[in-house]
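Report on the structure given below.
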C-alpha cells in the first residue's frame, strides 16, 4: 500500500518506528510470536488512536479483531487487533487489556471502518463495549437475546429452554414514497438464513441492511479443551465451499504454535488442492451469475465444468470438497506420476472449455445489459472496509494472500495477481475467469516441480501460553485463524475471521442505486458465505 503522494512502501519497521515516536505508553513485545507477526501492547483507551495511525498512515489493513476472557488468570479481558502490513509479508497485532468490571474501550470503527462488524461481534460474544461505535446494535445476539449472556465468556453456560423473539432494530429511511421490503431470513431457494431489509422508492434501492446470525453454531467455543484433531474437524465444517482453505488455515496456526515445519512435498500438494478448490468455487459462482439473468444454457455449461473439478477432487484426494486432505504437519494424500499426468490432461480440457463458455456469456447482449455497471463496489470502500479476494481485485485493489503473505508453496511459484477496475458484476465474473486461467498455470507448475520427500511432519505438542496465527487466501478472500493452547496442550482459544465476514458490510454499500430485482445477481457475484460468518 502506498501513502498519499508517495511511492514509498510502509513496511512493518516504519509502523513500529512511528509507534515508538508517538505513543510512549505502547510496549513493543521483544518476545516475537513468529517471524511474521509483531505484537504491540497499548492501553485500551489508546487502542483506537494507535489503530487509526496504523491503518491511516502506515498502510495497515485490519484483518482480525477479537477478544479473550482472561478474568480467572489476570482479572481482565484482552483485545487483539491484527493488521496486514502488505506488501511486506508481516502482521502487526495491537493488544489491549480491558478491566473485568464494566469492560469497555474506545471503538476503532470511527477511525478504522473495517472494524465495524468485528466490534459489534465482540460486544455480543464477550460483553466488551466499544464506546463510540457508530452502529452499536447487536450483530449476532439479535434484540431479545437475554442480557449478560455472552457465549465466549469462560463462565457461560447455555440455559435450558431459552427462547427469545427474532426481532431487531434497524436503520430506516423516511420520506414520501419510501417503502421497506423485508426478505428472509428463510428463503425460497436452498440457501442459508439471512435477513435483508431494503428501503426503496419504487424498485430503486436507497438502503440495504444485512442481518445474519440466525444459525450461529458456536464452533469457537466448541473447540475449547479439544484436541487439534477435533479442532480440525470443526474447521473443515466452517464452510462447504472453502472447507480446504479453512482446514489449511487452522493447520498452519497449529503448526506455528507447535514449531512444526511442513515438508516441501506437503506444502506443494496443499497449494495444488487449494487451487482446485478455487477453480471449483469460481465455476460455481459463474454458473450462479448467469443463472440469475435467466441464461440457463450458460449456467448448465458452467455447472458441467464445476462438476468435472469436483470429481477430480474426489478421484485424486478422496473427497469432493477436499475434507480429510490437509492435516497438521502436511497432507495425507499423495499423487503418483500417473495421477499427475491424468490431472494435466483433464485440466488442459478446462483451459479450452472455460474461455469458450466465458466468451459466449460476455457476447450475450441480454446478459451484458444486466451485469454492466450493476452492483459497483468502489476501490475506496474496498480499502476502508478491508475487503479482500475477488471483490477487492475486481475493484482494482490487488490484495491476494498468496502474494502478500505467501503460505504453502506459493512463495516458489510464478503467477500474477489479476485485477479488473469496473467493480461491477461483470468485473467480478470476468476476474473469476482470469483467475481460473492463473490457477491452471499454478497447478501445471506444481506438477512439473513437485518436490520429493515425505508428506507430513509430526506436529508435536502445542506450546502452552503462546499462540499461532495463520492467513490463507481462499476462493472468497482472506481467512484468518488464531489458536492458543491451554496448560494441557489442548485448544485453549480459537478465533476465526472468514473472508465473507469482511465483505458482507461492503455488499450493503454496493446494492443502493440499483433495483431490487438486481439484488440476487449482485449477491451472487460476491459469493458470500452465511455459514462461516455464523460460525
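Mind checking the full-extension length gain between residue 488 and residue 227? Use 0.36 nm per residue of separation minus the Cα-Cα distance, one decimal, nm.
Length gained, residue 488 through residue 227: 93.0 nm.
If you consider only alpha-carbon coordinates, what radius of gyration and Dmax does segment 12-131 have, in Å?
In Å, with Rg to one decimal and Dmax whole: 13.5, 40.
Let me have the 222 nm mean residue ellipticity of the chain computed from DSSP H runs of 4+ only, each contributing -39500 (n - 2.57), with the sum over all residues rounded to the nearest 500.
Values: 17 runs with 209 residues, N = 535.
Rounded to the nearest 500, it is -12000 deg cm²/dmol.
When the Debye formula is applied to the Cα atoms of segment 173-231, each taken as the same point scatterer, what base-10 log of I(q)/I(0) results at q = 0.18, 0.19, 0.25, 0.27 Å⁻¹?
-0.73, -0.77, -0.97, -1.03
What number results when the radius of gyration of the chain, computed over Cα atoms, is divided by 2.2 N^0.38 Å?
Values: Rg = 22.7 Å, N = 535, 2.2 N^0.38 = 23.9 Å.
Cα Rg divided by the expected 2.2 N^0.38 Å: 0.95.
What are the equivalent ellipsoid semi-axes of segment 322-450, built from the alpha-carbon gyration tensor (square roots of five times its eigenvalues), in whole angstrom, biggest first? Could the numbers behind the result be given before it?
On the way: eigenvalues 185, 89, 26 Å².
They are 30, 21, 11 Å, listed largest first.
What ranking do 519, 23, 250 get, fewest neighbouring Cβ atoms within 10 angstrom at the top?
23, 519, 250
What order do you get for 169, 61, 378 when you list them from fewest to most C-beta neighbours inside 10 Å? Present the calculation step by step, with values, prior to reporting the outcome.
Numbers: 169 10, 61 26, 378 15.
Going from sparsest to densest Cβ surroundings: 169, 378, 61.
Defining a contact as two alpha carbons under 8 Å apart and six or more residues distant in sequence, what relative contact order in percent does segment 303-428 show? Before the final figure, lay out the partial values.
Working: 113 pairs, mean separation 24.7, N = 126.
Result for segment 303-428 is 20 percent.
Summarise the long-distance tail of P(r) for segment 221-275 by giving the % of C-alpha pairs beyond 14 Å. Numbers along the way, then the final one.
Numbers: 859 of 1485 pairs.
For segment 221-275, the fraction of Cα-Cα distances above 14 Å is 58 percent.
How high is the relative contact order of segment 12-131, in percent, counting Cα pairs under 8 Å that sit 6 or more residues apart?
This gives 25 percent for segment 12-131.
How high is the relative contact order of the chain? Use alpha-carbon pairs under 8 Å, at least six apart in sequence, and give a whole percent.
16 percent
Each reported figure results from applying straightforward, stated rules to the coordinates on display, with no laboratory input. The model shown is predicted, which means the values in this text are computed figures rather than measured ones. Cβ sites come from the backbone with ideal geometry, for glycine too, and all protein chains shown count toward neighbours.
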